[in-house]
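**Student:** If you scroll down you'll find the structure; I have some questions about it.
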Amino acid sequence: MEPQLSHQVTDSVATVVIRHPAKRNAMTTAMWRSLPPMLDALARDPGVRALVLTGEGGTFCAGADISTLRGAAQEPQSLAVAAEEALAAFPKPTVAAVRGHCVGGGTQLAAACDLRLAEEGALFGVTPARLGVVYPSASTRRLTSLVGPATAKYLLFTAELIDAGRALGTGLVNEVLPEGELDKRVAELTRVLVSRSQLTQAAAKEFADGRTDRDAHWSAQARGSGDTAEGVAAFLERRQPRFTWNVSASG
């Protein structure tokens with residue numbers, strides 16, 4: 001099978017799969033390049049309310065395909081940053097479902113997701129110090145915001161791998177699941193995510209990511225959405241709300 005990214009949409013959840021099993025799902029230049037347009041199309045799809053990023057088989061992503069770095073180190077890195085930023089900017093909730101190795105560019109992608117769930121046995125690492133590569137500033141800031149300066153420096157200085165339990169303790173991972181339970185838990189979580197107000201989620205995502213100039217925008221969206229009235233009515237009537245505001249149609 002050619003290295004590629006594939007996706008499918010089921011029950012309002014888009015699942016993007018990293019497929020390069022011959023090299024532990026390492027990302028080629030073509031794969032990095034293909035992720036932003038794929039995400040853009042899924043962001044514009046009103047039928048998509050959440051996104052899961054995962055790897056084929058027993059590993060998430062072992063980073064960049066090192067063979068693509070020889071003689072052209074800057075292009076793959078710039079493409080990786082563009083892919084990371086496109087994932088971080090995706091306007092709907094994103095979940096990284098991690099098995100096995102999540103290293104280098106794999107951790108870069110996982111950190112760009114909103115939430116990270118890992119199976120026991122997963123390993124995480126940020127490894128540019130093994131190659132003499134300067135880790136991008138935006139990626140460093142994102143990692144630091146998740147795990148704090150001390151842990152970010154440890155990961156970057158040593159290039160050592162940490163297990164899922166330690167990743168959970170640092171805040172890099174939200175939950176660790178026993179072997180065989182990851183898919184079930186991801187399905188449970190995404191069912192919850194797609195049932196909630198996309199208006200609340202989109203605004204919270206921007207605010208949590210540091211946007212401080214959008215209060216008026218989101219207040220206007222809330223006034224015109226009907227989601228608040230529906231949420232209150234559903235609570236009083238003891239039923240599940242039917243939220244209709246969709247970020248794909250909001251402009």
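The values are calculated or read from the model by the stated rules, or taken from the named source; none is laboratory data. All figures in this text were calculated on a predicted structure; none of them were measured in a lab. Don't worry about glycine lacking a Cβ; one is built from the backbone with ideal geometry, like all the others, and counts go over all protein chains shown.
**Student:** Exactly one of these conditions fails for Pro91: (1) assigned to a loop (DSSP other than H, G, I, E, B); (2) more than 28 Å from Ala43 (Cα to Cα). Give me its number.
**Tutor:** Only one criterion is unmet by Pro91, namely (2).
**Student:** Ok, one more. Only residues that are within 17 Å of Leu39 (Cα to Cα) and either surrounded by 12 or more Cβ atoms within 10 Å (Cβ to Cβ) or of a type in the set (Lys, Arg) (or both): list them for the stretch 7-21, please.
**Tutor:** Hits for the stretch 7-21 are His7, Val9, Ser12, Val13, Ala14, Thr15, Val16, Val17, Ile18, Arg19.
**Student:** Further question: Would you confirm, using the coordinates I've provided, whether Glu188 is in the same structural domain as Ala118 (by TED's automatic domain parsing) and more than 30 Å from Ala152 (Cα to Cα)?
**Tutor:** yes
The rows are residues; the columns are (1) at pLDDT below 95; (2) within 29 Å of Arg196 (Cα to Cα); (3) out of contact with any helix residue (DSSP H, G or I) (no Cβ under 8 Å at 6 or more places or on another chain); (4) among the hydroxyl-bearing types (Ser, Thr, Tyr).
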residue	(1), (2), (3), (4)
Phe90	no, yes, no, no
Val98	no, yes, no, no
His101	no, no, yes, no
Gln108	no, yes, no, no
Cys113	no, yes, no, no
Pro128	yes, no, no, no
Tyr135	yes, no, no, yes
Arg142	no, yes, no, no
Gly148	no, no, no, no
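**Student:** What number of residues within the stretch 178-209 satisfy the criterion of being of a type outside the set (S, T, N, Q) and more than 23 Å from Leu168 (Cα to Cα)?
**Tutor:** 7
**Student:** Please specify each residue of the stretch 31-50 satisfying the condition of being in a helix (DSSP H, G or I) and either in contact (Cβ under 8 Å) with a residue 40 or more places away in the chain or exposed (fewer than 15 other Cβ atoms within 10 Å of the Cβ) (or both).
**Tutor:** Trp32, Arg33, Leu35, Pro36, Pro37, Leu39, Asp40, Ala41, Leu42, Ala43, Arg44
**Student:** Go through (1) in contact with a helix residue (DSSP H, G or I) (Cβ under 9 Å, 6 or more places away or on another chain); (2) modelled with pLDDT under 95 for Pro21 and report which single condition fails.
**Tutor:** (1)
**Student:** Looking only at the stretch 207-230, count how many residues are of a type outside the set (A, V, I, L, M), in a helix (DSSP H, G or I) and surrounded by fewer than 17 Cβ atoms within 10 Å (Cβ to Cβ). Lay out the reasoning, then the answer.
**Tutor:** So in the stretch 207-230, the residues of a type outside the set (A, V, I, L, M) come out as 207, 209-215, 217-219, 221, 223-228, 230.
Restricting the remaining residues to those that are in a helix (DSSP H, G or I) gives 207, 215, 217-219, 221, 223-225, 227-228, 230.
Next cut, surrounded by fewer than 17 Cβ atoms within 10 Å (Cβ to Cβ) only: 207, 215, 217, 219, 223-224, 228, 230.
Qualifying residue count for the region: 8.
**Student:** OK, next. Only one residue in Glu160, Glu230, Glu188 is over 24 Å from Lys92 (Cα atoms) and modelled with pLDDT of 90 or more. Which one?
**Tutor:** On the way: Glu230 fails: over 24 Å from Lys92 (Cα atoms); Glu188 fails: over 24 Å from Lys92 (Cα atoms).
Step by step, each of Glu160, Glu230, Glu188 is checked, and only Glu160 is over 24 Å from Lys92 (Cα atoms) and modelled with pLDDT of 90 or more.
**Student:** Does the stretch 66-74 contain any residue that is out of contact with any Asp or Glu (no Cβ under 6 Å at 6 or more places or on another chain), at negative phi, crowded, with 22+ Cβ neighbours inside 10 Å and not charged (D, E, K, R)?
**Tutor:** no
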